[in-house]
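Reviewing the structure listed below.
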Amino acid sequence: MKQRKLLRALCLLLLFSLLTACGTAAEGEAGPTPTPVPTETPAPTPEPEPAAAVQPPEVPEYVRVLMEHMDDYPADTVVATVDGREATWDLYYYWLSDLLATYSAQRGALPEDFTTVINEDVTLEDLARAYADSYTTFYLTLANHAEELGVTLSEEDVASLAARWEQSCSAYGGEEAFQEVLRQSCVTRRTFNFFNSVSLLARNMLTTLYGEEGELVPQEEIVRYVEENELVRAKHILLLSQEDEEANAAVREQMESILAELRSLAGDREALEARFDELAAEYSEDPGLRTNPDGYTFGRGEMVQEFEDAAFALEDYDLSETTETSYGLHVLLRLPIDPDTVMDYDSSYQPYTLRDQVVSQLFSELTEQWATEAEVVTDEAFEDFSLQAMFYPESIGEAQGAEGETEDAAEESAETPQETEESADTPQEAAAA
């Protein structure tokens, strides 16, 4: 039960952090210190001129405190093992500090008490530990299973890692300056290299398991993904709404003419789709046509309701009636799901296909299974590890002192009746005397 609460609290915190960070960026205020850990495969970039060297940002006080505690243990101190692979302090502390930095950035300071309840009976200490445990386990299981699969780094990978380091040092004005930037994110050179190496290993594992282009993904997995996500694929021709009724009437007449021509080809699927594409290129006012020439593959709730209803009501190669939305008039042609149809574009505007999405889900499910099944053994020295004790040791002393006073008071209270009884004898003795 508590594990579910931890996960729910973690999700709520991360969602809040992301939303707040977006708002902060928009307002131009200082946000959390950027973490120089890449999430994509390192790629060569031109070496910047010395004048273009990146200036380290001003370091908030809470970041300074987090940096100081990096050295509470030697970097290579073993915190735990994951299926036999050592999780060292520098790796584990990075994930602790990552969550605490995100949490503190929204408030301008570290929390004053890690025993504060965040959600139901989950404390900030619980949350930070769960975050660090899960991410540390995730990365180490990736490394473990890459080894089991015989997946290694190529010579090109090794060279790209070295190049990434040199480029980063150059961009920040030298190795010493870049090391300081890493330290502000509580990253050592070893963890920097580890994260980059695992990123490349994960990419190589994807190729080994699913092929260069996902061609090794079984067809039944694609079918399962389509069914689970209720996906349909459709092309459409859009004529935008006009400002006056007369112009809109002309638009409707033009759309009816287009639809009539397409219906005349309904018996020939190849000719129908070819002519649909020609008419779309000539008349459609959809701004997304250029980037989605194969149509749109989507699920429930992703399109305006009228468009969604029309698409889901069709069978493959059926034409819709003229469909009106807030954008204008549409004619849809529903098509079979194509695993190689473009679903979206990544940050570098590279196409992301349905097959890519299936690969992503399969690998996510697999790595989650690996992490769930991993044997994690915490080192004895860290079994009683406490963030509260680490950041606020005086509070632990005060708590222990208060506990001791409470125990002393309880002992004194237990002794009082006896003393009272003894003192009660004295008047009687005096009376008898």
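Quick grid of which residues meet (1) aliphatic (A, V, I, L, M); (2) assigned to a loop (DSSP other than H, G, I, E, B); (3) under 28 Å from residue 152 (Cβ atoms); (4) out of contact with any helix residue (DSSP H, G or I) (no Cβ under 8 Å at 6 or more places or on another chain):
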residue: 165; (1), (2), (3), (4): no, no, yes, no
residue: 176; (1), (2), (3), (4): no, no, no, yes
residue: 182; (1), (2), (3), (4): yes, no, yes, no
residue: 186; (1), (2), (3), (4): no, yes, no, no
residue: 190; (1), (2), (3), (4): no, no, yes, no
residue: 194; (1), (2), (3), (4): no, no, yes, no
residue: 199; (1), (2), (3), (4): no, no, yes, yes
In region 181-224, which residue that is among the β-branched types (Val, Ile, Thr) and free of Cβ contacts under 8 Å to residues at least 24 places away in the same chain is farthest from residue 64 (Cα to Cα)? 223
For residue 115, only one of the following conditions fails: (1) touching a residue at least 60 places away in the same chain (Cβ under 8 Å); (2) touching a Phe, Trp or Tyr at 6+ places or on another chain (Cβ under 7 Å); (3) of a type in the set (Val, Ile, Thr); (4) surrounded by fewer than 21 Cβ atoms within 10 Å (Cβ to Cβ). What is its number? (2)
Residue hits (region 343-385; in a strand (DSSP E or B), in contact with an Asp or Glu (Cβ under 6 Å, 6 or more places away or on another chain) and touching a residue at least 24 places away in the same chain (Cβ under 8 Å)) are 353
Which of the numbered conditions does residue 328 fail, given that it passes all the others? Conditions: (1) closer than 14 Å to residue 239 by Cβ; (2) not assigned by TED's automatic domain parsing to the domain that holds residue 263. (2)
Which pairs have Cβ atoms under 8 Å, sit 6 or more apart or on different chains, and link a residue in region 253-281 that is touching a residue at least 40 places away in the same chain (Cβ under 8 Å) to one that is in a helix (DSSP H, G or I) and of a type in the set (Asp, Glu)? 279/261
When restricted to 128, 101, 109, the only residue modelled with pLDDT under 95, part of a loop (DSSP other than H, G, I, E, B) and small (Gly, Ala, Ser) is 109
For region 60-86, enumerate the residues that are over 26 Å from residue 111 (Cα atoms) and surrounded by fewer than 14 Cβ atoms within 10 Å (Cβ to Cβ). 76, 84
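The values are calculated or read from the model by the stated rules, or taken from the named source; none is laboratory data. Keep in mind it's a predicted model, so treat the numbers as computed, not measured. Glycine gets a Cβ as well: all are built from the backbone with ideal geometry, and neighbour counts include every protein chain shown.
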